[in-house]
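Okay, structure first, notes after.
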Amino acid sequence: MSTLTYRYSLDKTSKKHNCPQCGRKRFVRVVDSETKEYLPDHIGRCDREGGCGYEYKWSEWKKETGNDRPQAWQQRSAQAPEPVQPVDFLPGHYLYQSLRNYEQNNFHHFLTSLFGGRIAGKLCEEYLIGTSRHWKGAAVFPQIDTAGNVRQIKIMLHNQATGKRVKEGATVEQYNRFTRSFDTITTERPCSLIYGKYIDGSTKALNLQQVFFGQHLLAESTNEQRVCITESEKTAIIASVYMPGCVWLATGGASGCRWREYETYQALKGRSVTFFPDHGIFNKKTGKTCYQEWCDRVDRIREAIPGRFRVSDLLEKRLGENLQDQDLADLLLIRDQTAGVALTDAGYPVMWDYNTEVKQ
């Protein structure tokens with residue numbers, strides 16, 4: 001069976017151009033497969049997720065001009081962009097009223113078991129970790145921009161002993177706002193909740209744009225400080241104890257906080273950034289690993305904004321091919337075999353006593 005090949009098609013490389021409508025560097029141009037040259041710079045499609053939607057096809061250009069093959073490439077005036085809806089912020093009191101009741105917070109107890117109460121309290125203060133009653137023991141993980149605006153609030157329930165997020169099938173206590181008491185339930189999905197779309201009870205959906213977890217810390221740092229980004233909020237918090245000279249942020253998931261979009265990653269302009277993807281399979285069908293996927297995404301960031309960006313292969317080298325679904329915290333968290341803490345009495349990580357290579 002023969003395969004039909006079109007002469008003019010969207011560029012299949014990762015190269016992106018400025019969109020003639022929204023101006024973002026997310027525009028994919030059309031290529032002549034015979035000459036390997038681009039068609040006029042307004043012909044193509046913007047792939048900005050949930051945004052622009054601009055597309056001008058080769059067939060439309062041909063119909064308008066009557067040309068079978070473009071020769072004189074002329075700039076086409078861009079369409080007037082649609083009005084940009086302003087970004088909404090969550091009222092600050094929703095976050096600040098949660099900054100208490102840490103004795104009821106499983107995640108705070110987990111941090112205390114690792115580092116002691118003083119460091120656990122300092123971490124919750126720096127990252128503005130709060131307590132939620134949505135599930136008994138749940139913690140609040142806010143997304144705050146560099147101007148101090150609350151962009152989103154995430155509620156998660158962790159196992160107090162292991163620090164692992166509570167998954168589906170677990171028995172938990174969930175707050176019932178009608179009876180003002182807790183109901184014992186069996187979870188049907190992981191205990192994680194993005195809390196904000198209709199947080200004020202309004203019938204109008206808020207235009208919330210997420211940012212990196214911990215992004216507010218960028219405002220307190222200098223451009224000389226390295227920024228490190230993990231997938232999990234928990235991992236970023238733990239890593240900040242071991243490597244306090246860096247600013248530790250988190251995406252909140254493999255594609256969390258929409259960090260592939262310009263609106264999110266523009267906060268990294270001019271910074272030196274190291275990404276720490278999880279160790280495991282990103283796409284089971286293709287076998288693509290998390291490391292490979294993040295390398296592709298970071299390549300696009302390099303093209304779009306100034307700065308120094310690299311993806312760490314530490315987990316790929318250290319954990320090998322047999323261990324899956326691991327992250328940086330799994331490498332860092334080696335506890336004292338008797339005391340159960342992650343720091344020695346001298347204040348250095350227990351892992352240094354077991355792993356001199358990491359210490360160096």
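The values are calculated or read from the model by the stated rules, or taken from the named source; none is laboratory data. Values in this document were obtained by computation on a predicted structure and should not be read as measured data. Here the Cβ is made from the backbone with ideal geometry for all residues, glycine too, and neighbour counts use every protein chain on show.
Looking at the stretch 151-175 only, could you name the residues that are of a type outside the set (F, W, Y) and part of a strand (DSSP E or B)? Break it down into steps so the answer makes sense when it comes.
Here is the first cut: in the stretch 151-175, the residues of a type outside the set (F, W, Y) are 151-174.
Across the stretch 151-175, the qualifying residues are R151, Q152, I153, K154, I155, M156, H158, R165, T171, V172, E173, Q174.
State whether the residues of the stretch 115-124 include one that is in a loop (DSSP other than H, G, I, E, B), modelled with pLDDT under 95 and either farther than 26 Å from N207 by Cβ or touching a helix residue (DSSP H, G or I) at 6+ places or on another chain (Cβ under 7 Å) (or both). So that I can check it myself, show each step before the final result.
The first filter runs over the stretch 115-124 and keeps only residues in a loop (DSSP other than H, G, I, E, B), leaving 116.
Among the residues that remain, those that are also modelled with pLDDT under 95 are: 116.
Retained after the next criterion (residues that are either farther than 26 Å from N207 by Cβ or touching a helix residue (DSSP H, G or I) at 6+ places or on another chain (Cβ under 7 Å) (or both)): 116.
Yes, because at least one residue in the stretch 115-124 is in a loop (DSSP other than H, G, I, E, B), modelled with pLDDT under 95 and either farther than 26 Å from N207 by Cβ or touching a helix residue (DSSP H, G or I) at 6+ places or on another chain (Cβ under 7 Å) (or both).
Table: residues versus (1) under 27 Å from the mean Cα position of the chain (by Cα); (2) modelled with pLDDT under 75; (3) not assigned by TED's automatic domain parsing to the domain that holds T264.
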| position | (1), (2), (3) |
| --- | --- |
| T3 | no, yes, yes |
| K15 | yes, no, yes |
| K25 | yes, no, yes |
| V28 | yes, no, yes |
| K36 | no, no, yes |
| G44 | no, no, yes |
| E60 | no, yes, yes |
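Yes or no: C191 within 27 Å of E126 (Cα to Cα) and outside the structural domain of L333 (by TED's automatic domain parsing)?
Values: within 27 Å of E126 (Cα to Cα): yes; outside the structural domain of L333 (by TED's automatic domain parsing): yes.
Taking the combined requirement at face value, the residue satisfies it.
Looking only at the stretch 32-45, which residues are among the aliphatic types (A, V, I, L, M) and surrounded by 21 or more Cβ atoms within 10 Å (Cβ to Cβ)? I'd like the intermediate steps shown before the answer.
Step one: of the stretch 32-45, the residues among the aliphatic types (A, V, I, L, M) are 39, 43.
Hit for the stretch 32-45 is I43, nothing else.
I need every pair where a residue in the stretch 208-233 that is free of Cβ contacts under 8 Å to residues at least 60 places away in the same chain has its Cβ under 6 Å from the Cβ of a residue that is part of a loop (DSSP other than H, G, I, E, B) and not aromatic (F, W, Y), sequence separation at least 6 or different chains.
What qualifies is N223/G270; R226/C246; V227/R271; C228/C246.
Does at least one position in the stretch 252-271 carry a residue that is surrounded by fewer than 18 Cβ atoms within 10 Å (Cβ to Cβ), more than 17 Å from the chain's Cα centre (by Cα) and assigned by TED's automatic domain parsing to the domain that holds N223?
yes
Please go through the stretch 125-141 and pick out each residue that is part of a loop (DSSP other than H, G, I, E, B) and touching a helix residue (DSSP H, G or I) at 6+ places or on another chain (Cβ under 9 Å).
At the first step, the residues of the stretch 125-141 found to be part of a loop (DSSP other than H, G, I, E, B) are 128-129, 133-134, 136-137.
Within the stretch 125-141, L128, I129, R133, K136, G137 qualify.
Look through D325, D313, D330, D336 and report the one residue that is within 17 Å of W248 (Cβ to Cβ) and either at pLDDT 90 or above or in the same structural domain as I238 (by TED's automatic domain parsing) (or both).
Values: D325 fails: within 17 Å of W248 (Cβ to Cβ); D313 fails: within 17 Å of W248 (Cβ to Cβ); D336 fails: within 17 Å of W248 (Cβ to Cβ).
D330 is the lone residue from the list that is within 17 Å of W248 (Cβ to Cβ) and either at pLDDT 90 or above or in the same structural domain as I238 (by TED's automatic domain parsing) (or both).
Output the residue which, of all residues in the stretch 119-161 that are crowded, with 20+ Cβ neighbours inside 10 Å and among the β-branched types (V, I, T), is farthest from the chain's Cα centre (by Cα).
T131
For H108, state whether it is modelled with pLDDT of 65 or more, buried (at least 20 other Cβ atoms within 10 Å of the Cβ) and assigned to a helix (DSSP H, G or I). If you could, list the steps in order and put the result at the bottom.
Numbers: modelled with pLDDT of 65 or more: yes; buried (at least 20 other Cβ atoms within 10 Å of the Cβ): yes; assigned to a helix (DSSP H, G or I): yes.
The answer is yes for H108.
Within the stretch 229-251, is even one residue among the basic types (K, R) and modelled with pLDDT of 95 or more?
Yes, the stretch 229-251 contains a residue that is among the basic types (K, R) and modelled with pLDDT of 95 or more.
Is there any pair linking a residue in the stretch 291-316 that is free of Cβ contacts under 8 Å to residues at least 24 places away in the same chain to one that is part of a loop (DSSP other than H, G, I, E, B), with Cβ under 7 Å and at least six apart or on different chains, and which?
Correct list of pairs: W294/P277.
Pairs needed: first member in the stretch 131-151, on the phi > 0 side of the Ramachandran plot; second member anywhere, among the aliphatic types (A, V, I, L, M); C-beta distance under 7 Å; at least 6 residues apart or different chains.
Here the result reads G137/L157, each pair linking the stretch 131-151 to a residue that is among the aliphatic types (A, V, I, L, M).
Is there a residue being of a type outside the set (G, A, S), modelled with pLDDT of 75 or more, part of a helix (DSSP H, G or I) and not assigned by TED's automatic domain parsing to the domain that holds R26 anywhere in the stretch 343-358? If you could, list the steps in order and put the result at the bottom.
As a first pass, look at the stretch 343-358 and keep what is of a type outside the set (G, A, S): 343-345, 348-358.
In the following step, the residues that additionally are modelled with pLDDT of 75 or more were identified as none.
No - not one qualifying residue is present in the stretch 343-358.
Given (1) charged (D, E, K, R); (2) within 28 Å of Y291 (Cβ to Cβ); (3) assigned by TED's automatic domain parsing to the domain that holds L90, identify the lone condition not met by E224.
With (1) charged (D, E, K, R); (2) within 28 Å of Y291 (Cβ to Cβ); (3) assigned by TED's automatic domain parsing to the domain that holds L90 applied to E224, the lone miss is (3).
So which strands (runs of 3 or more DSSP E) are wholly in the stretch 176-275 and hold at least 2 residues that are touching a strand residue (DSSP E or B) at 6+ places or on another chain (Cβ under 7 Å) and among the β-branched types (V, I, T)?
Values: elements: 181-186, 192-195, 227-230, 247-250.
Here the list reads 181-186, 227-230.
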